[in-house]
1. Out of the residues in the range 218-247 that are polar (S, T, N, Q) and surrounded by 12 or more Cβ atoms within 10 Å (Cβ to Cβ), which is farthest from LEU202 (Cα to Cα)?
2. Name the residues in the range 292-302 that are out of contact with any helix residue (DSSP H, G or I) (no Cβ under 6 Å at 6 or more places or on another chain) and either of a type in the set (D, E, K, R) or crowded, with 20+ Cβ neighbours inside 10 Å (or both), would you?
3. Looking at (1) under 15 Å from MET261 (Cβ atoms); (2) in contact with a strand residue (DSSP E or B) (Cβ under 6 Å, 6 or more places away or on another chain), find the lone condition where PHE316 falls short.
4. Read through the list (1) aliphatic (A, V, I, L, M); (2) touching a Leu at 6+ places or on another chain (Cβ under 6 Å); (3) surrounded by fewer than 23 Cβ atoms within 10 Å (Cβ to Cβ), then give the number of the only condition that LEU121 fails.
5. Which of the residues belonging to the range 324-344 are of a type in the set (Asp, Glu) and free of Cβ contacts under 8 Å to residues at least 40 places away in the same chain?
6. Got a sec? Which of SER123, SER182, SER159 is in contact (Cβ under 8 Å) with a residue 60 or more places away in the chain and closer than 18 Å to GLY209 by Cβ?
7. Restricting to the range 391-426, count the residues that are among the small types (Gly, Ala, Ser), surrounded by 17 or more Cβ atoms within 10 Å (Cβ to Cβ) and at pLDDT 95 or above.
Amino acid sequence: MYKLVVRLMVLLALGIGLAACQGEEGAPTTPTLGAPSRLKTDHGVTDTEIKIGSTGGKSGGYTLGIPFQTGMEAYFKKVNQEDGGVCRRKITFIGEDDQGTAALALDRARKLVEQDDVLALNSFRTTAVMGAASYLNDPDGNGDTSDGVPYLWTVGGASETAEKLSRWPWGPIQINPLYLDSGKAIAEVINRMFSGAKVSILFQNDDFGRESVAGFKAAFKGIVVAEQAHDPNAPDVGGQLAVLRAASPDLLVIASSGRFMPQVYRYREGQGWPVKVVWLYPYGGSAVLVQAVGGTDPAGQERALRLINGTIVGQFLLDPFADRNDPAMREHMRILNTYGGGYQANEYTLVGQAAAEALVETLKRACDRGDMTRKGVLQAAESLAGFHPSVFKPGVTIETSPTRHVGAVKMFVGEIQPDGTIKALQ
């Protein structure tokens, strides 16, 4: 009996000693499915939580951040509830209102970093993205970017965001194509379909309009017979359309937002002008045009389908109208109904979900590598070449790398059909 007690005491002492040695080395978190036994972290990650932030316009004169953040948050909730989170942790999403302005985007980004201690964040709209980018790449302002914060899957197509990669190593890494690239993609299709065509161009005088037209003209091989700019807040573009019509173009190329499209189609119909419309708006398609031109009334939408028939558009996202029977679109609608308060799907909820999908994939890859520090997450985001968010058009993928911080590269170019579906153009 005495020998048995001695043996037990020796074994117990050895066990305690082993545990102490492990503790001195920094005992790993208990291994769990989907997470490495040793995971490097620094900001925004605990044993149970991953904090992600976002800024977007939700009040004032700019509110498109509402559907964007709704799409993101709904997808994160779905991942938490149905998929068990990421790396055995739940995502906590903190959405801030920047009213679409640079100053408030900077202020809200500071709050997310310095008070909420998020792992990473994004912003919606080029103005806001640019407003916070310098701070997020050098939060203490000492010229050393080693303390940056991953600025991931932002929305804004100005080329300036991509051209500052050497100065802004932490992002923005944007989810959508550059306006220049989308304009070029559509021009290349026009060259094949309408060799030697004459075009008139209407564009709004901002980053979107100017860069979309610059991209189009860089690739277009036909003749530009007239060009007219307008203020993004102009109440009427009838005068510009009259000048463009007088040039007798084969095609009318538009680089203006959806709010101007009803005027374009009304003018064309009223003047009996059979010119074919080419829309350079990368979020544009049947859904945007049917609602903008026809409203929510069935009779109005039927008329809208007649007016927009034959319009050539470029897209990187699925279309809520044309692709309403696509399984991925149905799933997006289910997610919004279940986790997004029943918010109606549109191009901005879709890009919000695309950004959230890209973030989840980024977090998974960082977790698999055992490094969910801010640096590790940035490196994971730079490895997403070939990743296809479910709400992207077929064939459109993210193509990031350490030297490329633009997500989607290709564009789907198609022609709107009488029933609102969009036929791919080769």
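The values are calculated or read from the model by the stated rules, or taken from the named source; none is laboratory data. Treat the numbers as computed from the prediction; the structure is a model and nothing was measured. Please note: Cβ atoms are built from the backbone with ideal geometry, for glycine as well, and neighbour counts cover all protein chains shown.
1. Checking each candidate, the answer is GLN240.
2. Step one: filter the range 292-302 for residues out of contact with any helix residue (DSSP H, G or I) (no Cβ under 6 Å at 6 or more places or on another chain), giving 295-299, 302.
Across the range 292-302, the qualifying residues are ASP297, GLU302.
3. Failed condition: (1).
4. Condition not satisfied by LEU121: (3).
5. We begin by selecting, within the range 324-344, every residue of a type in the set (Asp, Glu); these are 326, 331.
Hit for the range 324-344 is ASP326, nothing else.
6. Values: SER123 fails: closer than 18 Å to GLY209 by Cβ; SER159 fails: in contact (Cβ under 8 Å) with a residue 60 or more places away in the chain.
From the options SER123, SER182, SER159, the qualifying one is SER182.
7. Going through the range 391-426, the residues among the small types (Gly, Ala, Ser) turn out to be 395, 401, 407-408, 414, 420, 424.
Checking which are surrounded by 17 or more Cβ atoms within 10 Å (Cβ to Cβ) leaves us with 407-408, 414, 420.
Restricting the remaining residues to those that are at pLDDT 95 or above gives 414, 420.
Going through the range 391-426 one residue at a time, the tally reaches 2.
Per-residue answers, yes or no, for (1) farther than 20 Å from TYR281 by Cα; (2) modelled with pLDDT of 95 or more; (3) not small (Gly, Ala, Ser):
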site: ALA103; (1), (2), (3): yes, yes, no
site: ASP147; (1), (2), (3): yes, yes, yes
site: LEU152; (1), (2), (3): yes, yes, yes
site: GLY157; (1), (2), (3): no, no, no
site: GLU163; (1), (2), (3): yes, no, yes
